[in-house]
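To start, the structure under review is shown below, and the notes come after it.
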Amino acid sequence: MRDLSEEVRNETIKKTIEELINKPFDIFKHPLHKSMIIQINNTQYECN
């Protein structure tokens with residue numbers, strides 16, 4: 001991700017987060033919560 005331009009990186013992050021949000025899940029299966037941490041640049045991270 002570090003090699004990508006800011007625009008491409010932002011689109012990739014946006015797409016990944018949208019896929020995670022829209023992914024169907026089974027409410028009877030545990031754990032219900034999953035976390036993902038994305039390194040945006042050398043000093044910034046985004047967690048969902």
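Every number in this text was worked out from the coordinates using simple rules, so none of it is lab data. The shown structure was predicted, so the numbers you read here are calculated from the model rather than taken from an experiment. Cβ: placed from backbone, ideal geometry, glycine included. Neighbour counts: every protein chain shown.
Scan around I40 for amide H atoms under 5 Å from its own, H built in the peptide plane at 1.01 Å from N, and keep only partners 5 or more places away or cross-chain.
Amide H neighbours of I40: Y45, E46.
Report, in deg cm²/dmol and to the nearest 500, the calculated mean residue ellipticity at 222 nm for the chain, where each DSSP H run with n ≥ 4 adds -39500 (n - 2.57) and the sum is divided by the residue count.
One gets -12000 deg cm²/dmol as the mean residue ellipticity at 222 nm.
Residues with beta-carbon under 9 Å from that of Q39, excluding Q39: net charge, scoring Lys, Arg +1 and Asp, Glu -1?
Surrounding charge for Q39 is 0.
Tally Lys and Arg at +1 and Asp and Glu at -1 over the other residues with C-beta under 14 Å from the C-beta of E19: what net charge comes out?
Summing Lys/Arg as +1 and Asp/Glu as -1 gives +2.
Given that just one value was derived from the coordinates, which of (i) 3.7; (ii) 8.5; (iii) 3.3 is mean projected area of the Cα convex hull in nm²?
Checked against the structure: label (i).
Please sort 10-16, 38-44 by packing, taking for each peptide the average over its residues of neighbouring beta carbons within 10 angstrom, highest first.
10-16, 38-44
Taking the Cβ of R9 as the centre, find all other residues whose Cβ is under 12 Å away and add up their charges (Lys, Arg: +1; Asp, Glu: -1).
It works out to a net charge of -2.
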